[in-house]
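Reviewing the structure listed below.
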Amino acid sequence: MPIVVRINVELAKQEMSVGEFADRGGLTPANVAVLKNGRAKAVRFSTLEAMCRVLNCQPGDLLEFVEE
C-alpha cells in the first residue's frame, strides 16, 4: 500500500508506549496495532485528530506516501 503510517517514529520521539498512546487517544490497543503494522485500509478523521492531539504533531508526520 502506498500510504505508510509512521506512528512508531512519533511514539519514539515522545518516548511514549503504545498502551499510553492508546489510552490518551481513546483508541484500542488493537486498532493502534492495525495502524502500526500497515494493515489499516482507512483512517477516520476523528482517529487521525486524536493521534495528532496526543502526539502533538501534524497528519503529515504520521502518514507518508511511498511510491510502489
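If you go through region 3-28 and keep only what is of a type in the set (A, V, I, L, M) and more than 28 Å from GLU68 (Cβ to Cβ), you end up with MET16, ALA22. Of the residues GLU64, GLU20, GLU49, GLU68, which single one is assigned to a loop (DSSP other than H, G, I, E, B), acidic (Asp, Glu) and surrounded by fewer than 16 Cβ atoms within 10 Å (Cβ to Cβ)? Residue meeting the stated conditions: GLU68. ASN8 meets each of the listed conditions (1) touching a residue at least 12 places away in the same chain (Cβ under 8 Å); (2) part of a helix (DSSP H, G or I); (3) surrounded by 14 or more Cβ atoms within 10 Å (Cβ to Cβ) apart from (3). Of all residues in region 23-36, exactly one satisfies the criterion of being surrounded by 15 or more Cβ atoms within 10 Å (Cβ to Cβ) and part of a loop (DSSP other than H, G, I, E, B), namely LEU27. ASN31 falls short on exactly one of the conditions (1) within 11 Å of the chain's Cα centre (by Cα); (2) closer than 21 Å to PHE65 by Cβ, and that condition is (2).
We did not get these values from a lab; they are worked out from the coordinates using the rules stated. Being a predicted model, the structure only gives us computed values, none of them experimental. So basically every Cβ, Gly included, is an ideal-geometry build from the backbone, and we count neighbours across all protein chains shown.
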